[in-house]
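In what follows, a structure is listed as structure tokens, so that the remarks can point back to it.
The values are calculated or read from the model by the stated rules, or taken from the named source; none is laboratory data. These numbers were taken from a predicted model, which means no experiment stands behind them. Don't worry about glycine lacking a Cβ; one is built from the backbone with ideal geometry, like all the others, and counts go over all protein chains shown. Surface accessibility is based on the protein's heavy atoms, side chains included, excluding ligands, DNA and RNA. Shrake-Rupley method; radii C 1.70, N 1.55, O 1.52, S 1.80 Å.
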Amino acid sequence: MEQPKTFKDLGVIDPLCEACDTLGYDAPTPIQEQAISAALHGRDLLCMAEPDSGTTVAFVLPILQALMISPQPLHSLILVPTSELVLEVSQVVENLGTAILVRCTVLIEGSDMAMQQTALRQDPHIIVSTPQCMLQHLEHTSGFSLRILKYLVLYGADQLVDLDSGPILDRILAMLPPKATYLFAATISDKVDSLQRSVLSNPIRASVSTEQTASQSYIFTPANQKDFYLVYLLQQRPGQTGLLYTQKRATAQKVMRMLQYIGFHAISIHGQLSDGARLAALNGFWAGSWNLLVLTGAAGQGLRIPSVDFVVHYDLPDGAGDYNRRVGRASVGGGGTVISFVTQYEVEAWLRIENGIGTRVDELEINRDEVMLFDEQVMMAQSVAERALSP
């Protein structure tokens, strides 16, 4: 039997191998095996894999190794879709780069512009940023440019283009010199395909497909009874971890408050939380302080969320792409469940999703009389949530 590869087998130098050992990265994951070896030979990369498959390490190690061999300021730029992901990626850079005292600067929405400018003038080795922040500094920070940049990473490229960052990316790319480029995405689309053709030169392709084994079903429910069905479902899954997706911030807050009143361990994430509050909520979910995470679709994009036992679409996603990404969060490791609520107003939207994913989803048969046993409890919790959230 062939022995498993090590990071050293892939060409990673000793100081970085030692950092991997310290951090508990015992052996390369399949996407790391494919990507690291190619990257260390100076090739552009197109990597298709889920974030939980080890993609961050797959591009951070080659960048750090190139930096150690030829040190310089403003060596690498990593663009990601959300502030949460900026902080997560920068943590991996700093942890792996401890041996070389890597200087990593993060640029996120809502932080002080003057402090960011000061950090950029201190010549960091690596910048991790959202496209919006990067463009702001390229256009408005005096004396700052990336004309000596060596590496560009577009991480979560499918989410970058879904967030309509395409025009912003075009303006950034026009200001960059020739460089090695790595593009990482979990799903392929026409927009991702167009982006990779414009930024990559003869790339090596690496991919790891995660088999989506989650069971999928839908519940046809009157719009005014979704909360009854939700509580019924959660009562059937005590202690399991779940993601509950809503479309609006107000809905996420209402659902969270309602569930908390009933006694569920739920927390919410939405776009109007501060970065600190969002990270605290996410860290609490990781640590098991809460087992239910209520989040809006927009706030969930780019978040590093571990695989969960179930996903509930309290509100339907905008399309098949979002639906498939969420199915993946209940599939890693196998055996998860995805349940979508379909109201009388959403039949056409649901049919479009089914057409987009190429399959017909079974309806989940539920005894309505059992659901309505929770009506008084739920209506009381709804009233409490509404009063708590009223101005």
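Taking the 0 to 90 degree range and rounding to the nearest ten, how far is the long axis of helix 375-389 tilted relative to the main principal axis of the chain, both from C-alpha atoms?
Orientation of helix 375-389: about 50 degrees from the principal axis.
Around Gln260, what is the net charge, scoring Lys/Arg as +1 and Asp/Glu as -1 over all other residues with Cβ under 15 Å from its Cβ?
Numbers: positive: Lys254, Arg257, Arg387; negative: Asp227, Glu386.
Around Gln260, the surrounding residues sum to +1.
Nearest 10 degrees, 0 to 90: what angle lies between the long axis of helix 83-96 and the longest principal axis of the chain (Cα atoms)?
Once rounded, one gets 50 degrees.
How much accessible surface does Glu363 have with a 1.4 Å probe, in Å² rounded to 10?
80
Taking 0.36 nm per residue of sequence separation and subtracting the Cα-Cα distance, how much length would be gained by fully extending the chain between Thr359 and Ala27, in nm to one decimal?
Values: separation 332, 0.36 × 332 = 119.52 nm, distance 3.67 nm.
Separation in residues times 0.36 nm, less the Cα-Cα distance, equals 115.9 nm.
Tell me the accessible surface of Arg352 in square angstrom (1.4 angstrom probe, heavy atoms of protein chains only), to the nearest ten.
Taking all protein chains as shown, Arg352 has close to 150 Å².
Please work out whether the range 7-207 counts as rounded, prolate or oblate from its C-alpha gyration tensor, where a ≥ b ≥ c are the square roots of the eigenvalues and a/c under 1.5 means rounded, while otherwise a/b larger than b/c means prolate and anything else oblate? Don't jump to the answer; show the numbers that get you there.
Working: a/c = 1.61, a/b = 1.17, b/c = 1.38.
The shape class here is oblate.
Under 8 Å for C-alpha pairs, at least 6 residues apart: give me the relative contact order for the range 215-389, rounded to a whole percent. If you can, show how the numbers build up before the last one.
On the way: 278 pairs, mean separation 62.2, N = 175.
Relative contact order for the range 215-389 comes out at 36 percent.
Which FRET efficiency value, to the nearest 0.05, is calculated for Ala114 and Leu389 with the Förster distance at 35 angstrom and r the Cβ-Cβ distance? Can you show the working numbers first?
On the way: r = 35 Å, r/R0 = 1.00.
Efficiency, rounded to the nearest 0.05: 0.50.
Give the cross-link partners of Lys191 among the lysines, using a straight C-alpha distance below 28 Å as the criterion and excluding same-chain residues fewer than 8 apart.
Candidates past the 8-residue exclusion: Lys150, Lys179, Lys248.
Per the 1.4 Å probe, what fraction of the accessible area of the range 7-207, in percent, lies on carbon and sulfur atoms? Don't jump to the answer; show the numbers that get you there.
Values: 4270 of 8290 Å².
After summing per-atom areas, the C and S share lands at 51 percent.
At what distance in nm do the modelled label points of Ser70 and Ser142 sit from each other, each positioned 7 Å from its Cα along Cα→Cβ?
Taking the two extended label points, one gets 3.2 nm.
So for the chain, what are the equivalent ellipsoid semi-axes in whole Å, largest first, each being the square root of 5 times an eigenvalue of the Cα gyration tensor?
Numbers: eigenvalues 317, 106, 78 Å².
Three semi-axes, in Å: 40, 23, 20.
In whole angstrom, note down how far apart the Cα centers of the range 55-127 and the range 372-391 are.
Using only Cα atoms, the two centres lie 45 Å from each other.
Starting from the range 82-169, pick out the trypsin sites (Lys or Arg not before Pro) whose DSSP state is loop and whose Cβ has at most 13 other Cβ atoms within 10 Å. Present the calculation step by step, with values, prior to reporting the outcome.
Details: sites: Arg103, Arg121, Arg147, Lys150; in loops: Arg103, Arg147, Lys150.
For trypsin sites (Lys or Arg not before Pro) across the range 82-169 that sit outside H, G, I, E and B with at most 13 neighbouring Cβ atoms in 10 Å, the list reads Arg147.
Let me know the shape class of the range 77-148, please: from the alpha-carbon gyration tensor, a ≥ b ≥ c as square roots of the eigenvalues, rounded when a/c is under 1.5, otherwise prolate if a/b is greater than b/c, or oblate.
Numbers: a/c = 1.83, a/b = 1.27, b/c = 1.44.
In terms of gyration-tensor shape, oblate.
Sorting Asp190, Asp123 by accessible area (1.4 Å probe), largest first, what list results?
The most accessible residue leads, giving Asp190, Asp123.
Taking the Cβ of Thr246 as the centre, find all other residues whose Cβ is under 13 Å away and add up their charges (Lys, Arg: +1; Asp, Glu: -1).
Around Thr246, the charge tally is +2.
With all protein chains present and a 1.4 Å probe, how do Thr241, Thr118 order by accessible area, largest first?
Numbers: Thr241 45, Thr118 70 Å².
In descending accessible area the options line up as Thr118, Thr241.
Nearest 10 degrees is fine. How inclined is helix 320-329 to the longest principal axis of the chain, computing both from alpha carbons?
It is inclined by approximately 90 degrees.
Would you list Glu354, Glu88 from the most to the least accessible area, probe 1.4 Å? Spell out each step's value before the answer.
Numbers: Glu354 10, Glu88 30 Å².
Sorted descending by solvent-accessible area, the residues read Glu88, Glu354.
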